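The values are calculated or read from the model by the stated rules, or taken from the named source; none is laboratory data. Note that the structure is a prediction, hence the values are computed from the model and not measured. We place every Cβ from the backbone using ideal geometry, glycine too, and count neighbours over all the protein chains shown.
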Amino acid sequence: MLTGILIIFLFIVSLLLFALPNSKHIKTIALLGSLAAFGISIAMLFQFLNDCPCVLTFNPDILQVLGINFKLSIDGLSILLILLTTFLTPLIIFSSFENKREKPRAFYALILLMEMSLVGVFAASDVLLFYIFYELALIPIYFIIALWGGKDAKKITLKFFIYTLIGSLLMLVAILYVYSLTPGVHSFAFNSFYNVILTGKAQSWVFLAFFIAFAIKIPIFPFHTWQPDTYSTAPTQGSMLLAGIMLKMGLYGLIRFVLPLCPVAMKDWGFYAILLSIIGIIYSSLIAIKQNEMKRFIAYSSMAHVGLIAAGIFAGTFNSLEGSIIQMISHGINVFGLFFIYEIIVRRTNNGNISSLGGIASKAPIFAIFFMLILLGNIALPLTNSFVGEFLLMLGIFEYNAYLAFFAGFTIILGAVYMLWMYQRVAYGEVKPATENFHDLTKQEIIILIPIIIMIFWIGIYPSLFLKIAEPVVRNIISMTNIIPN
Amino acid sequence: MIEYIWLVPLLPLIGFLLIAFNFKRFQGSVSGIIASSAIFVSFIISLIVFIEIYSSKQTATVQLFHWIKFNKIDISFSFLIDQLSTLMLMIITGVGFLIHVYSIGYMKGDSGFNRFFSYMNLFVFFMLLLVLGSNYLIMFIGWEGVGLCSYLLIGFWFKKHENNNAAKKAFIMNRIGDLGFLLGIFMLYYYFGTLNFNGIFFQAHMFTIGNPTITIITLLLFVGAIGKSAQIPLFTWLPDAMAGPTPVSALIHAATMVTAGIYMIARSNVLFVLSPITLLIIAIVGITTALLAGGIAIFQTDIKKVLAYSTVSQLGFMFLALGVGAFTGAMFHLTTHAFFKALLFLAAGSVIHALNGEQDIRKMGGLKNKIPITFFTFLIGTIAISGIPPFSGFFSKDMILIGAFEANSIFWIIAVIVSLMTTFYMFRLLYIVFWKRSNKEDLHAHESPKNMTIPLMILAVLSVLAGAFGIPLVFGGNDIIGNFLSPIFTESTNIIKINAHEISHNTELLLMFIPVIFVFVVVYLAYYVYVKQKKLPEADNQKRPFFSNIFFKKLYFDEIYNALFVKPALWLSDFLHNIIELKVIDRMVNQAGNLVVWTGKTIRYIQTGNVGFYLFAMVISIILILIFKLFI
């Protein structure tokens, strides 16, 4: 019930913002709207926790054509990703308060529309509904980047749009194929899909279609080339939405569809999918070392971390799946943190080039501390959120194949290499002309950073709430894949 | 008191948070006093716990909360309090406290005073977690945490990129080791289904000696130890780490953090004795490192670098001890080394302080009478590390030498050579720094304040007396430390002893005193060269003899690593981005896009608007389909 309210509420706020005249109140309304949405999802969380074993459904009998249901249901994976979405969106909105954007009402309306679609993706319990939200999410982000983006925004966005759309179409074909095999009256409901038993060969094709669709979205090497350009041209809020939340749609899809629908194909092809993911980890980590533009740097580092999550999902062990869910949350939080740090630097210096920065730690010590804390989260230092996730991911991959875990482990070393070198060049050393007037954090910036820091250490030190919520989902998925849980 | 053990790491953590949140507010030495008090209270609690464990011979596990728990995995935040961990507690909080007090004087006036003490307290917190953890993952938290603090403190003066590079190098080299450690942890979990020490060691008996699984696990753990304890091939970060303030070198890079590898292997002794191959490798790596680092130390000209290589060498010595199964010897030497090496570093810091930051020994000399307390304590440290009886180093080294002899007399011979090298470079350092040289004008030097000299004196006393804990049976001693640690090591030593040949008391005495005679010869040799002949190390621009040059240049390890790893990685980064990423993958994607556009453009010409053409195309198509249907 609350899920439906949440989606409708976001839709209404978004429409409202479109309808209102441009004024300085627009931001505030958007922020309040997104905060209210966060409040609703917290209420959902409590309802969910009281109601274990934990499935909330919302199924108004409005659409029943061709077995399409407007059915939303919430399990542990959904609730965690919805919470991530509704937690990050207010922060993303708040982080843009200092920017002077043209047409603010459209900007914020699109962000909320985006939030709505993302919640829809994570809540849908019907494959076609999932697909609709999945595609719907592309529209606001397309406009956000194309209209408020930097250099070459239109061209780059078009490439991003077409690239992901091709993937989506492949997925649509696969969805329709599986739909045609659903037993009894054809239905798009998740449960009908899960009841389909595909032949080994069919599984391979379905796997391939889903894999390409999600590999582009996540992105997995070598389907990633849209990403650095898009991140670097997008307004920072756009990059935050993309990296923080949107790419989780791909990972979510892998867990929801690929694992349960294609267990046999997973046995045949999973190894190669992991291999690609791990090549991507090492490849993008190496590239990140010498990136000079901070946003591209973040793009490649993010790709490395996400590659590990994807590898863990393909490994399909209990530990790696649990780790992947924790790490999806952690990655969203950390990558938002990094982009916000970038945003702060650009606000002060108009410059996102690592080589022209330096000495910030002596000018702005508090900023340097927050920066360091977020960095620690990113290099998975124990007691930060990423450690819990990456430890479980690597443990799970190790259980799948020890050699793959060894190569995946390079992320530990290379992550430290590129992160620390970047930090050193930005924060340490002598002050440079660009950083001459770098003032320390404002109250508003601290308010945005504190929730991030809290989450980094909460998940790092006491992750049991998150582990507990994720556990039944993982057990469920494992039982469907018939991969023997360890 | 044992149930309050969590206070021991908690207090430094609180100290850290208190200082971190007030780092702009605290003035003067407030933060130093807070940090020192936190460690002091921890020390008192540790002492009480130590005495309880010592008298009751009991061990305890204190569980705080479940950290990672779902499905079958259950990793708890819990502490194991036994002989080994309490011994480490005493060293960490005791030596840690003295170094904190010393730092109040040493860091006075530094603009990062508060930052310094917050990092130091955080370090102690993580170090305590490392030794208290009751499973490998809690140990790993501390393991990586101390690495972080080491990084922050090496690069403490971050305006100089030289320091930052040293810090980064330390962290990355440690992380290479950590990957090994982590893979070891995965294997442990895979084969034992738990990460708890007790659970694993209990099940270890099911494996036979020489089992390949155990060999791989122990080798992976050893890789972790190599990184943290600066052994070949991952030792080059430690000398660079001297870029940090001297108290940091004393605490982190001599007394505590770098010994974590020794502690970890000693803790896992039950596993390691099951793999004779691993033990042999550990012994070889240890003795080789000890030998090479000792050689390099002889030719260094920076007071802290000499001590750094000396530390690497002594750590190698401890690994030799572990490798030959002399676990008690390793822990004993770890303890005495913590005292005298911390003492030497702090005394060196006092010299540097007296000379306003000068670290080049070629610019020193004649400080004997100017800074007498520093001199005297440095002298004690030098005697202790050289293994001259009855100072502590003699007893701990002896324990290792006997163990080495029992295993393999070649180890013994090399170990004796290493220990003579130690004597040589330490006395070389002592003579050059403190003895007067006529051709030089007098240096201006001032003795350090009391809060620096008192810790020196206490450490000096400990360096002299700590040997009393390990007086061997031949001397009528009762081997206090051996008995104390026996619950941890007995089983393992028994396994080792099966293959070792017992030696008689007379041989033991002989083995003990042959090195001592040589030590005195070497002390005189150093005296002859550096005091009588007043020889000074060559200036940097002066040409050195071939052999000396190689050791002066640290055997070119840095250059080799640069050529083998750093440069290729940077090259690869450029290559992957500029060629593979932009010219291959992205171009292919764009070409695919262009192909679509091109197809569209081409096909567009068919749409001529001519109805006749459309009809024609339709008829042709129908015919084609019919043919297709007919024949297939």
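Is it true that B:Phe207 is surrounded by 24 or more Cβ atoms within 10 Å (Cβ to Cβ), under 28 Å from A:Leu392 (Cα atoms) and of a type in the set (Phe, Trp, Tyr)? Answer is no for this residue.
Do we have B:Phe547 as within 14 Å of another protein chain (Cβ to nearest Cβ) and surrounded by fewer than 13 Cβ atoms within 10 Å (Cβ to Cβ) here? In short, no. Please work out which residue is surrounded by the fewest Cβ atoms within 10 Å (Cβ to Cβ), limiting yourself to segment A:194-225 and to residues that are aliphatic (A, V, I, L, M) and within 14 Å of chain B (Cβ to nearest Cβ). Ranking the qualifying residues of segment A:194-225, first place goes to A:Ile212. All of B:Lys535, B:Lys583 fail the test of being basic (Lys, Arg) and within 14 Å of chain A (Cβ to nearest Cβ), apart from B:Lys583. Checking each residue in segment B:166-183 for being at the interface with chain A (Cβ under 7 Å from one of its Cβ atoms) and under 14 Å from the mean Cα position of the chain (by Cα) picks out B:Phe171, B:Ile172, B:Arg175, B:Ile176, B:Asp178. Among the residues making up segment A:338-357, those that are more than 26 Å from the chain's Cα centre (by Cα) and assigned to a helix (DSSP H, G or I) are A:Arg348, A:Thr349, A:Ser355, A:Ser356.
Scanning segment B:123-148 for residues that are assigned to a helix (DSSP H, G or I) and more than 13 Å from A:Pro382 (Cβ to Cβ) yields B:Phe123, B:Val124, B:Met127, B:Leu128, B:Val131, B:Leu132.
The residues on offer are B:Leu355, B:Leu292, and the sole one that is farther than 17 Å from B:Val258 by Cα and more than 19 Å from the chain's Cα centre (by Cα) is B:Leu355. Does segment A:224-246 contain any residue that is assigned to a helix (DSSP H, G or I), touching a helix residue (DSSP H, G or I) at 6+ places or on another chain (Cβ under 8 Å), over 18 Å from A:Tyr300 (Cβ atoms) and among the hydrophobic types (A, V, I, L, M, F, W, C)? Within segment A:224-246, one or more residues are assigned to a helix (DSSP H, G or I), touching a helix residue (DSSP H, G or I) at 6+ places or on another chain (Cβ under 8 Å), over 18 Å from A:Tyr300 (Cβ atoms) and among the hydrophobic types (A, V, I, L, M, F, W, C). Residue count for segment B:153-162 under the criterion of being assigned to a helix (DSSP H, G or I) and either more than 8 Å from every other protein chain (Cβ to nearest Cβ) or on the phi > 0 side of the Ramachandran plot (or both): the result is 3. Return the residue satisfying two criteria in turn: it lies in segment A:320-363 and is within 12 Å of another protein chain (Cβ to nearest Cβ) and small (Gly, Ala, Ser), and of such residues it is nearest to A:Tyr400 (Cα to Cα). Filtering first and then ranking leaves A:Ser320.
To keep it simple, each residue is scored yes or no on (1) on the phi < 0 side of the Ramachandran plot; (2) within 14 Å of chain B (Cβ to nearest Cβ); (3) assigned to a helix (DSSP H, G or I); (4) at pLDDT 90 or above.
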{"residue": "A:Lys100", "(1), (2), (3), (4)": "yes, no, no, no"}
{"residue": "A:Ala106", "(1), (2), (3), (4)": "yes, no, yes, no"}
{"residue": "A:Gly120", "(1), (2), (3), (4)": "yes, no, yes, yes"}
{"residue": "A:Phe133", "(1), (2), (3), (4)": "yes, no, yes, yes"}
{"residue": "A:Phe143", "(1), (2), (3), (4)": "yes, no, yes, yes"}
{"residue": "A:Lys151", "(1), (2), (3), (4)": "yes, no, no, no"}
{"residue": "A:Ile156", "(1), (2), (3), (4)": "yes, yes, yes, no"}
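Restricting segment B:531-561 to residues that are at pLDDT 85 or above and of a type outside the set (D, E, K, R), the residue that is farthest from the chain's Cα centre (by Cα) is B:Ile560.
Listed by position, the helices (runs of 4 or more DSSP H) enclosed by segment A:385-454 that each have at least 3 residues that are in contact (Cβ under 8 Å) with a residue 24 or more places away in the chain, within 11 Å of another protein chain (Cβ to nearest Cβ) and crowded, with 22+ Cβ neighbours inside 10 Å are A:385-400, A:410-427. When each of B:Gly210, B:Gly180 is tested for being modelled with pLDDT of 90 or more and either part of a helix (DSSP H, G or I) or touching a helix residue (DSSP H, G or I) at 6+ places or on another chain (Cβ under 7 Å) (or both), the lone residue that passes is B:Gly180. Looking at B:Ile51, B:Ile34, B:Ile44, B:Ile75, just one residue is more than 11 Å from every other protein chain (Cβ to nearest Cβ) and touching a residue at least 12 places away in the same chain (Cβ under 8 Å), and that residue is B:Ile34. Criterion applied to B:Met127, B:Met90 was being more than 9 Å from every other protein chain (Cβ to nearest Cβ) and surrounded by fewer than 24 Cβ atoms within 10 Å (Cβ to Cβ), and the one residue passing it is B:Met90.
Taking A:Arg296 as the residue in question, decide whether it is in contact with an Asp or Glu (Cβ under 9 Å, 6 or more places away or on another chain), closer than 26 Å to A:Ser95 by Cα and either within 13 Å of another protein chain (Cβ to nearest Cβ) or surrounded by 24 or more Cβ atoms within 10 Å (Cβ to Cβ) (or both). In short, yes.
What do you reckon, is B:Phe186 in contact with a helix residue (DSSP H, G or I) (Cβ under 9 Å, 6 or more places away or on another chain), within 9 Å of chain A (Cβ to nearest Cβ) and assigned to a helix (DSSP H, G or I)? Yes.
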